[in-house]
Amino acid sequence: MDDGYLQRVPRADGTLKTLTLVVYALQALSLFVGVTAIVGIIINYLKRDEAAGTEWQSHFAWQIRTFWWAVIGFAVSWPLILLLGLGFVTGFAVWVWYVYRIVRGFLAFNERRPLPQ
């Protein structure tokens, strides 16, 4: 019987786990090659609905917030470099925070722990 609704087949847990790890790797690689963070955020947004309700949902949210706050932080730092030279300090602080978020996220991933919202 076709009731007009498409049934959603849940993605295998292993696929979401792999994608979570791939995005952490892309974020880490973006410390050297910035464009990989954009690839990571695209993956996050494309697969976020599939991660909903799984143990990987908090990781996807963590990765998305990490990306956008880093973008904002670096966007604020660039004009400060030109104006006051303070941008180097703020940019470095954002960079350290970004590294911290990647490491903390990866450690939680490795232990299969959720991250705070």
Completion exercise
Residues in segment 66-87 that are touching a helix residue (DSSP H, G or I) at 6+ places or on another chain (Cβ under 8 Å) and farther than 24 Å from Leu26 by Cα total 5
Exercise for the section: Determine, yes or no, whether Ala37 is among the hydrophobic types (A, V, I, L, M, F, W, C), crowded, with 19+ Cβ neighbours inside 10 Å and farther than 21 Å from Val94 by Cα. Expected result: no
Problem - Selection from segment 49-72 of residues that are over 11 Å from the mean Cα position of the chain (by Cα), part of a helix (DSSP H, G or I) and surrounded by fewer than 17 Cβ atoms within 10 Å (Cβ to Cβ) - result: Asp49, Val71, Ile72
Completion exercise
Within segment 34-48, the residues that are farther than 10 Å from Thr20 by Cα, assigned to a helix (DSSP H, G or I) and of a type in the set (Gly, Ala, Ser) are Ala37
Handout entry: Pair list, Cβ < 8 Å and 6+ apart or interchain, from segment 91-104 residues that are more than 14 Å from Ser30 (Cβ to Cβ) and modelled with pLDDT under 95 to residues that are of a type outside the set (A, V, I, L, M, F, W, C) and assigned to a helix (DSSP H, G or I)
Key = Gly91/Gly73; Gly91/Ser77
Problem - Of residues in segment 12-33 being part of a helix (DSSP H, G or I) and of a type in the set (Gly, Ala, Ser), the one surrounded by the most Cβ atoms within 10 Å (Cβ to Cβ) - result: Ala28
Practice task
Quick one: in segment 61-90, of everything that is more than 29 Å from Arg48 (Cβ to Cβ) and small (Gly, Ala, Ser), which residue is modelled with the lowest pLDDT?
Solution key: Gly85
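The values are calculated or read from the model by the stated rules, or taken from the named source; none is laboratory data. Just so it is clear, the structure is predicted and the values come from calculations on it, not from any experiment. Positions of Cβ are backbone-derived with ideal geometry, glycine not excepted, and every protein chain shown enters the neighbour counts.
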